[in-house]
Amino acid sequence: MAGAIAMRSLFAPPNLGPTSSTGSHVPRRVRRSLVRIRAAIAVEQETQAKVSLIRIGTRGSPLALAQAYETRDKLKAAHSELAEEGAIEIIIIKTTGDKILNQPLADIGGKGLFTKEIDEALLEGRIDIAVHSMKDVPTYLPEGTVLPCNLPREDVRDAFISLNAKSLSELPAGSLVGSASLRRQSQILYRYPSLKVVNFRGNVQTRLKKLHEGEVQATLLALAGLKRLNMTDTVTAILPIEDMLPAIAQGAIGIACRSNDDKMADYLSSLNHEETRLAVTCERAFLATLDGSCRTPIAGYAFKSSDGNCLFRGLVASPDGTRVLETSRTGPYSLDEMVEMGKDAGKELLSRAGPGFFDW
């Protein structure tokens, strides 16, 4: 009540004695002051009316922003109240992985470096949902968060990009291939031991710039990212799954929220693509069983076959490509069975690898 009285008093002219109906007896200075006050209050009220219903946290790279925009657009399409101007706000959060670009990920802490600061912002209430590339998400989630939603998966294959060769097999011996991924490095060296793979970090645009400047003769990038950036014209060739098994959860976008935020969970449930979620869960069960890190080349891919079953392929390798171990599983396309398939495949490769294989 006191606030309402105070608000009314701002709009009421001071008691300066008799005035005409036009208020011309009120000093011009006072009238100007009242106009400014009314304008300021109107702006504040308008700003308060546009408080975002959902704050999306994301990294600031062009690809991360493209994924955040995709999430925003799907939320707007699914919920009319979110289509209003200002209902969804995108908040850019710089992660440790974005800040340190001159060292291999394995040397500075691994995949969690791309999600840690975003997870903290989520838990502290500075954002409401977090959009991640699922291949950057560790197999554990911070306490107090859940990841109930995966958007439909993009193409999982890797793209070969070069200015002077049409394929990896055409590169002359000693050619430099730029890649920050030990998964790609090991599979390249396994098939083409005469090539050299060098650390190659940065966003898509940065890597392509380095390629054009001649730092390397070729590079490999996820086709999914190039599609989301509308940059498929840069692709020289698409590598088949048989030649380059993708990273765990490659091509999948995951959206996290706080575990006690039922409203956000409801919003996200409307976007979830269950076939993708189950495939990613299977692959992450495989990775968790292997206790893999960025120091271990691990690849895995689960998908629905034409008969409706799940087909899973998994791989572990030595970084130099001298040892590559593969396995596969087939089973029903359902959560429990697919989790078990991933775990069982991981246990098999652990047994076959033997002691010390993962101590790189």
Spot the failing condition for residue 351; the list is (1) of a type in the set (S, T, N, Q); (2) open to solvent by 60 Å² or more (accessible area, probe 1.4 Å); (3) not in a helix (DSSP H, G or I), and only one is missed. (3)
Those residues of region 61-79 that are touching a strand residue (DSSP E or B) at 6+ places or on another chain (Cβ under 9 Å) and open to solvent by 50 Å² or more (accessible area, probe 1.4 Å) come to a total of 4
Here the residues within region 317-339 that are in contact with a strand residue (DSSP E or B) (Cβ under 9 Å, 6 or more places away or on another chain), part of a loop (DSSP other than H, G, I, E, B) and loosely packed, with under 14 Cβ neighbours inside 10 Å are 332, 334
Going through 342, 346, 314, 308 one at a time, which residue ends up being in a loop (DSSP other than H, G, I, E, B) and at pLDDT 95 or above? 308
Filtered residues of region 202-240 (kept if assigned to a loop (DSSP other than H, G, I, E, B) and under 21 Å from residue 171 (Cβ atoms)): 213, 214, 215, 216, 217, 235, 236, 239, 240
Would you call residue 270 touching a residue at least 60 places away in the same chain (Cβ under 8 Å) and either open to solvent by 40 Å² or more (accessible area, probe 1.4 Å) or not hydroxyl-bearing (Ser, Thr, Tyr) (or both)? yes
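Picking from 180, 173, which residue would you name as being touching a Pro at 6+ places or on another chain (Cβ under 7 Å), part of a loop (DSSP other than H, G, I, E, B), among the small types (Gly, Ala, Ser) and open to solvent by 10 Å² or more (accessible area, probe 1.4 Å)? Lay out the reasoning, then the answer.
On the way: 173 fails: touching a Pro at 6+ places or on another chain (Cβ under 7 Å).
It is 180.
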Go through (1) buried (at least 22 other Cβ atoms within 10 Å of the Cβ); (2) farther than 30 Å from residue 67 by Cα one by one and return the number of the condition residue 298 breaks. (2)
Given (1) in contact with a Ser or Thr (Cβ under 6 Å, 6 or more places away or on another chain); (2) under 29 Å from residue 75 (Cα atoms); (3) open to solvent by 50 Å² or more (accessible area, probe 1.4 Å), number of the condition residue 217 does not satisfy: (2)
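The values are calculated or read from the model by the stated rules, or taken from the named source; none is laboratory data. It should be emphasised that the depicted structure is a prediction, and the values quoted were computed from it without experimental measurement. Ideal geometry is used to build each Cβ from the backbone, glycine not excepted, and the neighbour counts take in all protein chains shown. Keep in mind that these areas ignore ligands, DNA and RNA; they rest on the heavy atoms of the full protein, side chains included. Shrake-Rupley method; radii C 1.70, N 1.55, O 1.52, S 1.80 Å.
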